Structures are given as structure tokens and as C-alpha cells.
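Everything below concerns the one structure shown next.
All of the numbers you see were taken from the coordinates with simple rules; none came from a lab. In this text, all values refer to a predicted model and were calculated from it rather than measured experimentally. Cβ placement follows ideal geometry from the backbone for every residue including glycine, while neighbour counts extend to all protein chains displayed.
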Ligand code: DQA
């Protein structure tokens, strides 16, 4: 089995971007952490894009290939109805889509307190650093 781990805008800068908020690990470190966590038979397909259209296309791909999704929508969390509708396609297809955040957006600026994605996600995990992704993958594997 395969798990799509999708990351939105600016997350390609992890490691150097606001380390006091997001930690010092980069996306390669995140991938290594997840690969070490899952059984050998599970493929971690980790991707990042700054483009809304590309992220939406990956969610369509998840539907077409019946692949569970861990999604960090990054700033799109707060305003992208297009991404929300694509996320709804995934969960309406009966596939898990877990929204994750490295930081806890509720402790931060007001505009981060709302997520347009959460209402169509299977669940939301925020505030545990890269552990948010690990908890999401754990749920997909073990319930
Ligand atoms: C984030 C939180 C968002 O508010 C922010 O725009 C990000 C990262 C997080 O993982 O904590 O880019 O999704």
C-alpha cells in the first residue's frame, strides 16, 4: 500500500523557514522519519508544491488510485475553497484525508484560526511538529 503525504506552499523551505515555529528538519528529514515508522511494504509518497492547481490534481489522483492522504495544506488551509472541494472528493470516496499542521495554528495569528479544509477532512492533527504526520500515518495504518 501507498500513502500520499502532500505539502502545500512554502513547506519546501522547511529547515530554514522560521525554525522557531516549524523546527529545524527539512522535507527529507520528514520523509526519513515516516519511512522509518511504516512497514517496508508501505510506500510513503511525499510531495510538495507551491501551486494550488498541482495540489488539487494530486487529490484527484488520490481518488482515482484509491490512495489515503495526509495533507498539510499550509497557507491554503485558510482560504482555498478549490482545495476544500478537492479534499471533499477524497473523503466522499470513502478514503481517509487527514489534515496536519506542524505548528498549532490556534496559538498564532487570527487568520490561521480558521481552516476551510477541516470540515471535509477525516480528522485534524496540529501542533506536534513532524509528529503530526506520524500520528496521521499511524491512524491510516492502524485506525
Ligand atoms: C502550517 C500552518 C499554516 O498556517 C501555515 O501557513 C503553514 C504551515 C503548519 O504546518 O503549521 O505554511 O500548515
Review point. Quick one: residue 130 ticks every box in (1) over 22 Å from residue 12 (Cβ atoms); (2) touching a helix residue (DSSP H, G or I) at 6+ places or on another chain (Cβ under 6 Å) bar one, so which box is it?
Key: (1)
Check your understanding: List, please: which pairs have Cβ atoms under 6 Å, are six or more places apart or on different chains, and start with a residue in the stretch 1-20 that is farther than 18 Å from residue 132 by Cα and end with one that is surrounded by 15 or more Cβ atoms within 10 Å (Cβ to Cβ)?
Key -> 1/42; 2/45; 2/67
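Do we find that residue 106 is free of Cβ contacts under 8 Å to residues at least 40 places away in the same chain and within 11 Å of the chain's Cα centre (by Cα) in this structure?
Values: free of Cβ contacts under 8 Å to residues at least 40 places away in the same chain: yes; within 11 Å of the chain's Cα centre (by Cα): no.
Against the criterion (free of Cβ contacts under 8 Å to residues at least 40 places away in the same chain and within 11 Å of the chain's Cα centre (by Cα)), residue 106 does not qualify.
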Exercise for review: Among the helices (runs of 4 or more DSSP H) lying completely within the stretch 1-117, list those that include at least 2 residues that are near the ligand (Cβ under 10 Å from one of its atoms).
Suggested key: 19-22
Check your understanding: Does any residue of the stretch 77-91 turn out to be under 14 Å from the mean Cα position of the chain (by Cα), crowded, with 18+ Cβ neighbours inside 10 Å and closer than 17 Å to residue 14 by Cβ?
Key -> yes
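Report yes if some residue within the stretch 129-140 is in a strand (DSSP E or B) and away from the ligand (no atom under 16 Å from the Cβ); otherwise report no. Spell out how you get there, then give the answer.
First, the residues of the stretch 129-140 that are in a strand (DSSP E or B): none.
Looking for residues that are in a strand (DSSP E or B) and away from the ligand (no atom under 16 Å from the Cβ), one finds none in the stretch 129-140, hence no.
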